[in-house]
Protein chains: 4
Amino acid sequence: MSDAFLLAGRTFHSRLLVGTGKYKDMTETAEAIAASGAEIVTVAVRRTNIGQTPGEPNLLDVISPDRYTILPNTAGCYSAEEAVRTCRLARELLDDHKLVKLEVLGDQKTLYPNMPETLKAAETLIKEGFEVMVYCNDDPIAARLLAEMGCVAVMPLGSLIGSGLGIVNPYNLRIILEEATVPVLIDAGVGTASDAAVAMELGAAGVLMNTAIAAAGKPVLMASAMKKAVEAGREAFLAERMPRKLYASASSPLDGMAFR
Amino acid sequence: MSDAFLLAGRTFHSRLLVGTGKYKDMTETAEAIAASGAEIVTVAVRRTNIGQTPGEPNLLDVISPDRYTILPNTAGCYSAEEAVRTCRLARELLDDHKLVKLEVLGDQKTLYPNMPETLKAAETLIKEGFEVMVYCNDDPIAARLLAEMGCVAVMPLGSLIGSGLGIVNPYNLRIILEEATVPVLIDAGVGTASDAAVAMELGAAGVLMNTAIAAAGKPVLMASAMKKAVEAGREAFLAERMPRKLYASASSPLDGMAFR
Amino acid sequence: MSDAFLLAGRTFHSRLLVGTGKYKDMTETAEAIAASGAEIVTVAVRRTNIGQTPGEPNLLDVISPDRYTILPNTAGCYSAEEAVRTCRLARELLDDHKLVKLEVLGDQKTLYPNMPETLKAAETLIKEGFEVMVYCNDDPIAARLLAEMGCVAVMPLGSLIGSGLGIVNPYNLRIILEEATVPVLIDAGVGTASDAAVAMELGAAGVLMNTAIAAAGKPVLMASAMKKAVEAGREAFLAERMPRKLYASASSPLDGMAFR
Amino acid sequence: MSDAFLLAGRTFHSRLLVGTGKYKDMTETAEAIAASGAEIVTVAVRRTNIGQTPGEPNLLDVISPDRYTILPNTAGCYSAEEAVRTCRLARELLDDHKLVKLEVLGDQKTLYPNMPETLKAAETLIKEGFEVMVYCNDDPIAARLLAEMGCVAVMPLGSLIGSGLGIVNPYNLRIILEEATVPVLIDAGVGTASDAAVAMELGAAGVLMNTAIAAAGKPVLMASAMKKAVEAGREAFLAERMPRKLYASASSPLDGMAFR
C-alpha cells in the first residue's frame, strides 16, 4: 500500500519518528533505530554531540544524515530564548538545516511543555526561516494557533515525556485531528506498542517516541514492535474499524450514555 | 526472531487465528485470511459448507487444508449435546481431524458462553479423543478447570463476540495468564489493531478474531493491520515495557492508589 | 424521596450493605456500620462468633439483630458442601433465619467465585427453604440461571474481593441489569466512594462492601462517604444523566467508534 | 465533621459550586440550586439579567445575594478584552463585588479555554483589584503561572464544558493538586455523580458544574445527587482509600506495569 506522508514538502514512508537518548551506547542506539524503520531521527542538540565538541564521538557518525533526516530538537530548554538559540546552533552545525523540533519545557520535574514560551519561540523561529515541528500539550486552541502561525507540524503529547502512560486524552487529540491543517504527530507518552497503535488509530500522521524504546528491557526488539504497531495502527485507521456495541446483536453502536 | 508457538503438539509461527464468517464473498475471505498471515483458520461447522452439502461451494476449496490448519468450531451451539454432535460431524468431514474449537453459547442475544454446558461438552470431547481448544469467559477458576480437564488451550474472551469492545478486564486475563498450564489465547472482543496488541502485551499466546476483520470497512487491509498488531504486541511483551510513572522523574512507578 | 428497595419480601431504605471483617476492634466495627447507614449487615459465620462459641465476645451484642438485618455469609467456603453446612449452622444460631448470602470461592489466592459449586449450593439451599442472595462473577448467563433457580438476589462482583479495583466490566453488569428478574447488588471490588456511585449509576439495586471501609485509613469516615456515594449514585441513576459528547455543540452523543 | 473550605478569605462549607444556565425556568433553577446545597452560584453576566436590563426578570430575585455568594463569570467571552469588560460590568452591577470567575474561550464549537487570552485577562483583572477564580485547561504549568500571578483559585477542566465526559486526565490534575498554592476546583466536564466524586477523591477543593444538573432528566434530583457525591468524594479523600491490588492476597499494590 502506498501511504506516503508529506512533511515540510518532503515525502516519508515511515510514520515512526524516534529519539536517540537513554541508550546504553551508540551501538544500541544505531541498532534500535535501524529496527524501528524510522526515517526521521530527532537529536537533543544540548545533550548530544553532533559536531559542537570536535574530537568527541559524534552521533552523526552512527546515525548518518545520508540515511536519516536529522531533526534537531530543543530538549532541555526552558525558555523561548534558549530554544531559539539552540535551533540556530543546530542550523549552523547541520549546514543550514531548517527543519527543527521545538520544545520548551515548563520544569525539570514534569517536563510538561511551557506553552506561552513555546508560542513565542515558534513565532521567532518561523520568522527566521525555520521549518518548525512543535511539541505542545493537547490543547486544541494552542494547536490551531501553532498551525496558523506556520508550524509545519504540531506534535501534541499523548502523556508526559517519559511517563509511559500512553494516550490519556483521546478526546482532545481527536478534536485537534479533526481541525488540523498541518500534520499532527503524537509526541511523548507512548509506553508500549498498543499505545502507538492507539495514536495512529485516532488518525495521527505519525508518532514520535524515545523512552518507550530506549528504556524497554530489550530496546532493539521494542523498536521492531513499535515499527509494526505504528503500521498496524495506521492500517487500522485506513481500514475503518467495526462499531463498538454492547453485544453483537445490538441495533446501534454504544452511545456512551452510561459508560466511560 | 524465532518465537514459535506450540499448540497441541504442533508448532505455529503466526499467533493470529482467524474466522471465516461475515465476509462479502469467498474471494474476500481468502484474500483477508492470506493478508492476516494466519496459519490456523476456524470454521463454523453449522454455518459453513466443508463437505456436508455436496455440490455447493465448499470453503475448503478456497481455504485449503494443505495450507491452513482448519479448526472446526461449534458456533451456533447452545448446549453441550449440540456442540459434541457438531464436533463429531467435523471429525468425520475432516478425515479424523481431532483439533476443535469448542464454544457453547448462552443465548443468541449476547453470545456470552454458557459455562456449565461448556464444561460438560469439554469433558465429553476430551474423553472421545478430541483436542479441545475452548472458548470461555474470563473466569480464572473456569480457565483452570478446563486446563486441568485436558483442554489443549483455553480461550477467554476479551469482550463479547462481535462487540468490538476490546480487552475489558485485563485483570482477570492477567490472573488466567499467570496461572496457565496450557496456552491461553484471547478469543472475541477485539475491535481494532490496538486491542490485539493489548491482548498480546498481557502475555497471551495468541489472539483469535473474525468480526474485527470481516466487518471493517476494508477487511483485507484490516487483516494486514491485525497481523502487524499481533506481532507488535508479542514483541512488546517479550521486550519488557518501561514502567508507567506519573512523570519521568518520579522515583517509583504509579501504584494505582488514586487512579483507574 | 421515597425509594424503597424490596428484597426477599422485606422493604429496606438503605442500599448499602456492609460486612464486619477486618476492623481494628468491635467498637470500630459498630461505629463504622452505624455511619454507613446500612440496614443489612453480613457476617462471615466461619470467622465470626455469633453464638457458636459461648463465653467469647459475640458480634450480635454489638450489631444487634433488633436493629440490623443480619445476613450470614459463607465466606471461607470452597465447596458447595461446606457452604450448605455453614448456612444450616447459621439458621440454627439465628433462630430459623432463612436469608443468607452464599459465596463459594475458587481459591484463597484470588477469592474468585467457584461458579459450578455456587450453582450446586444455591440449588440445595433453595430446596431447603433458604432465601439465597448469591455472590457470583459477572457472567450474564450464570446470573440468569441463579435467578431462574430462585435466588432472591444475584450479587455479581465489580472486581475481586479485597482488590479495590472498582467496576471493571460495566458492560457485563449492564447486560445482567437489563435482564434481571430479581434485585442485582454489586458485591466486591469497590475501593472508594466513586466506585460505589458507578455501581449505582449502572442501575444496581444496591452495593455490598467490606474492605473498602474497613481497610481505609479512617473507616468511620469512609463509611459515611460510602453512604453518601450510594445515595448519590442511586439518585443520579433515577435523575437520568446528560449524554456524553465530544463537545457541547456536537449534534449526537459519542458513539464509541474511536474511543474506549 | 468540620471541613471548611477557605476561598478568597471567606469560609464556605459546601464544596459544590453551581451555575444557573440551561434550566427550564427560574423556578427550576431555584429548586435545583437549593437542592445542591451550593453556597457559591456562578452567573454568566453576558447571558443573565442581574440588573443590566431593568424591568426584565432578574435572577437575583430568585438567587438572592443575601443567601448565596454570587460569582459572576465571563462565559461567552472569546478575548481578554471582552472578559475584562464583563468583569467590570459585574462589579458595577453587584456593588463593587470583587470575586469573579474568569473564562476566556477559544471557540464556540469546543468551548475549550483560550489560555493566552486567559493569562492576559487574569493579569489585568488582578491589577484592577479583582479576586480572580480562573477557568483553565489541565496544564500544570499554566495552573502554576495563574496561581503565582495572584488568582485566588485555579479551576482546571475535567473535560470540555457541556461534554459530560468526566475526569479525562486525572494525571495532570494530580500534578496540579500536588503543586497547588491556592485552592484547585474542578470546573467543567462532570456528567454524573461519580465524576464529581472522582474529582474530589483526587483532592480537589471543590467542583463547579452546570450542565450535569441542568441537562439531567430530573435536574432537582440530580442536584441532590451531586451534593452527596461531592461530600462522598471529599470524605473518601480524607478517609484515605485502600490500595488497589490485583487480588486481596497480593503483597503489593498494582504497579501499573501492564495496565491502564
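Taking the longest Cα principal axis of chain B as reference, the axis of helix B:115-127 is set at about 60 degrees.
Once the Kirkwood radius over Cα pairs is known for the stretch C:208-254, the Stokes-Einstein relation at 37 °C and 0.692 mPa s delivers a diffusion coefficient of 251 µm²/s.
Would you please give the FRET efficiency between A:Thr181 and B:Ala250, computed as 1/(1 + (r/R0)^6) with r the Cβ-Cβ distance and R0 = 25 Å, to the nearest 0.05? Intermediate results must be reported in sequence, preceding the final value.
On the way: r = 36 Å, r/R0 = 1.44.
Working from the Cβ atoms, E equals 0.10.
For A:Gly217, the label point sits 7 Å beyond Cα toward Cβ; its separations from the matching points on the remaining copies run 3.5, 3.8, 5.0 nm, from shortest to longest.
Please label the shape of the stretch A:135-252 as rounded, prolate or oblate, based on the square roots a ≥ b ≥ c of the eigenvalues of the alpha-carbon gyration tensor (a/c under 1.5 means rounded; beyond that, a/b larger than b/c means prolate, else oblate). Present the calculation step by step, with values, prior to reporting the outcome.
Working: a/c = 1.84, a/b = 1.04, b/c = 1.77.
The shape class here is oblate.
Total accessible area buried between chains D and A, 1.4 Å probe, in Å² to the nearest 100? Numbers along the way, then the final one.
Numbers: alone 12800 and 12810 Å², together 23700 Å².
In total, chains D and A hide about 1900 Å² from solvent.
Shape of the protein assembly as shown from its Cα gyration tensor (a ≥ b ≥ c, root eigenvalues): rounded if a/c is under 1.5, otherwise prolate when a/b > b/c, or oblate? It is oblate, given that a/c is not under 1.5 and a/b is not larger than b/c. Spin-label model, A:Gln52 to C:Arg85: label points 7 Å out along the Cα-to-beta-carbon direction sit 7.6 nm apart. Inter-copy label distances at C:Glu31, using a point 7 Å along Cα-to-Cβ, come to 4.1, 6.1, 7.2 nm with the shortest given first. At 222 nm, what value in deg cm²/dmol follows for the protein assembly as shown if DSSP H runs of at least 4 each add -39500 (n - 2.57) and the sum is divided by all its residues, to the nearest 500? About -11000 deg cm²/dmol. Remark: accessible surface ordering of A:Phe5, C:Phe237 (largest first) is C:Phe237, A:Phe5, probe radius 1.4 Å. Across the copies of the chain, A:Gln52 has label points (7 Å from Cα along Cα→Cβ) spaced 5.3, 7.2, 7.2 nm apart, shortest distance listed first. Against chain C, whose longest principal axis is taken from its Cα atoms, helix C:26-36 shows a tilt of about 30°. The mean number of Cβ atoms from other chains found within 10 Å of a Cβ in peptide D:96-107 is 1, as a whole number. Of all DSSP beta bridges confined to chain C, the antiparallel ones make up roughly 15%. Charge tally around B:Val104: other residues with Cβ under 14 Å, Lys/Arg +1 each, Asp/Glu -1 each, net -4.
For the stretch B:1-135, give the percent of accessible area contributed by carbon and sulfur heavy atoms, probe 1.4 Å, rounded to a whole number. Solvent-exposed carbon and sulfur of the stretch B:1-135 make up 47 percent of the total.
Skip the ligands, DNA and RNA, and give the accessible area per residue of the stretch C:1-81 with a 1.4 Å probe, whole Å². Don't skip to the end; give the middle numbers.
On the way: 3740 Å² over 81 residues.
With the other protein chains kept in place, the stretch C:1-81 gives 46 Å² per residue.
For the stretch B:152-191, the residues whose amide N sits under 14 Å from a probe point set 7 Å from the Cα of B:Lys22 along the beta carbon direction are B:158-166, B:187-191. Interface residues of the stretch B:174-215, defined as those losing at least 40 Å² of solvent-accessible heavy-atom surface relative to the isolated chain (probe radius 1.4 Å), are listed as B:Arg174, B:Ile175, B:Thr192, B:Ser194, B:Glu201. Taking every C-alpha pair closer than 8 Å and separated by at least 6 residues, the mean separation divided by the residue count of chain B gives a relative contact order of 17 percent.
In this rough spin-label picture, where each label sits 7 Å from Cα along the Cβ direction, the D:Asp61-A:Thr124 distance is 5.8 nm.
Distances between placed amide hydrogens fall under 5 Å for B:Leu17 paired with B:Val207, B:Leu208, B:Met209, all partners being 5 or more residues away or on another chain. Accessible area per residue for the stretch B:139-220, computed on protein heavy atoms with a 1.4 Å probe, is 21 Å². Annotation: A:Phe12 carries an accessible surface of approximately 10 Å², with a 1.4 Å probe and no ligand, DNA or RNA atoms counted.
The values are calculated or read from the model by the stated rules, or taken from the named source; none is laboratory data. Note that this is a predicted model, so its numbers are computed, not measured. Neighbour counts are summed over all protein chains in view; Cβ atoms, including those assigned to glycine, are modelled from backbone coordinates with ideal geometry. In case anyone asks, the SASA skips ligands and DNA or RNA and just uses the protein heavy atoms, side chains included. Shrake-Rupley method; radii C 1.70, N 1.55, O 1.52, S 1.80 Å.
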